[in-house]
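What follows is a single structure, written as C-alpha cells, with notes after it.
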Amino acid sequence: MEKYPVKYEESMNTVLTQEVIRYNKLLTAIRSSLNEMLKALKGLVVMSQALETMVDSLFKNAVPDLWASKAYPSLKPLSSWVTDLIARVAFIQKWINLGIPPVFWISGFFFPQGFLTGTLQNYARASSISIDVITFDFEVLSKSASEPRSRPENGCYIRGLFVEGARWSADRHELAESKPKELYTDMPIIWLKPTANRVKPETGIYDCPVYKTLTRAGMLRGHIT
C-alpha cells in the first residue's frame, strides 16, 4: 500500500488500508479452510468436526460460520454472498488501481463507519475545527444527471442505499409512497456534506435510520471511532 501512505490531510488512505486488511483476513480464512476441506475429502488429513460443519453449510448453500465470523453482516445465501464478495473486492481493487473514486459504493465497505468518520476527519482537518461539532447534511442528486466524475470539494458522494416501504420521487425530489409490488427501491447518488454546528430543520425532514441488513441491526452513524 505504498501508493496510499498515511496522510494527515487524506483520511481515505487510512480507510482504504484498513479495508484491505479486513478483506485480506477474510479471503485468507476462506482460502485456508477450503484447502483443508479438500485435503480432508482426499483423505490426506482427518475430517474434523469444524470441517464437517463447513461441508454441511456449503451443501446447504449457507455461509460457513468460520467465514461469517470473520466477515461483515450479511443475510445472503452462500451463492449470493460469494457474488457480493467478488463485487466488494473489485470495488477495493479498482480504488487501489485508479485512485480514490468520485462516488463510493457504501455497501462495499467492510466497515462503513470508518469511511464516514474518515470523511468527517478530512473536513475537520481542512477546516481546522473539531470533529465533534461536525455532522452530515445531505443532498440527493438528480437521477437524470450523469454520475459525477470527480469528488466534491467537501464531503463525498455515495451510492448503494435502498429504501424499504417507500421510494425517492425524482420529480418532486422527496420520499413518496411505494409503487405497487415494490418493497425495496434504490436511492440515487447522495452527497454527504460535512457541516459544522448544523441546525436541523424543524419541518420537511424525515429522520430515516440506515441499517446494514434487513434485520435492522447495526445502524450506520457518522462519527464512530
Item to complete: Residues being out of contact with any Leu (no Cβ under 9 Å at 6 or more places or on another chain), at negative phi and touching a residue at least 40 places away in the same chain (Cβ under 8 Å): count how many of those fall in the stretch 156-191.
Response: 2
Worksheet item: Looking only at the stretch 167-197, which residues are closer than 25 Å to residue 146 by Cβ and among the aliphatic types (A, V, I, L, M)?
Response: 170, 175, 176, 187, 189, 190, 192
Worksheet item: For the stretch 135-180, how many residues are under 18 Å from the mean Cα position of the chain (by Cα) and either farther than 26 Å from residue 100 by Cα or exposed (fewer than 12 other Cβ atoms within 10 Å of the Cβ) (or both)?
Response: 2
Discussion item. Of everything in the stretch 178-201, what is outside any loop (DSSP other than H, G, I, E, B) and among the basic types (Lys, Arg)? Give them in sequence order.
Written reply: 193
Discussion item. Test of understanding: among 171, 137, which residue is assigned to a strand (DSSP E or B), among the acidic types (Asp, Glu), out of contact with any helix residue (DSSP H, G or I) (no Cβ under 9 Å at 6 or more places or on another chain) and at pLDDT below 95?
Written reply: 137
Worksheet item: From 111, 115, which residue is within 17 Å of residue 9 (Cβ to Cβ) and under 13 Å from the mean Cα position of the chain (by Cα)?
Response: 115
Practice prompt. Look at residue 107 and say whether it is hydroxyl-bearing (Ser, Thr, Tyr) and surrounded by fewer than 16 Cβ atoms within 10 Å (Cβ to Cβ).
Written response: no
Worksheet entry | Checklist (1) outside any helix (DSSP H, G or I); (2) assigned by the TED database to the domain that holds residue 67; (3) in contact (Cβ under 8 Å) with a residue 24 or more places away in the chain applied to residue 25, failing item | (1)
Worksheet item: Residues of the stretch 38-75 being charged (D, E, K, R), surrounded by 14 or more Cβ atoms within 10 Å (Cβ to Cβ) and either assigned to a loop (DSSP other than H, G, I, E, B) or touching an Asp or Glu at 6+ places or on another chain (Cβ under 9 Å) (or both), which ones?
Response: 70
Practice prompt. Being surrounded by 13 or more Cβ atoms within 10 Å (Cβ to Cβ) and over 15 Å from the mean Cα position of the chain (by Cα) is the filter; apply it to the stretch 181-222 and report the residue that is modelled with the lowest pLDDT.
Written response: 198
Item to complete: Restrict the check to the stretch 104-127 and report whether at least one residue is of a type outside the set (Gly, Ala, Ser), assigned by the TED database to the domain that holds residue 20 and in contact with an Asp or Glu (Cβ under 7 Å, 6 or more places away or on another chain).
Response: no
Worksheet item: Across the stretch 56-103, what is the number of residues that are without any contact (Cβ under 8 Å) to a residue 60 or more places away in the chain and touching a strand residue (DSSP E or B) at 6+ places or on another chain (Cβ under 6 Å)?
Response: 1
Worksheet item: Are any of the residues in the stretch 57-67 at pLDDT 95 or above and touching a Lys or Arg at 6+ places or on another chain (Cβ under 9 Å)?
Response: yes
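The values are calculated or read from the model by the stated rules, or taken from the named source; none is laboratory data. These numbers come from a predicted model, not from an experiment. Cβ coordinates were reconstructed from backbone atoms using ideal geometry, including for glycine residues, and neighbour counts include every protein chain displayed.
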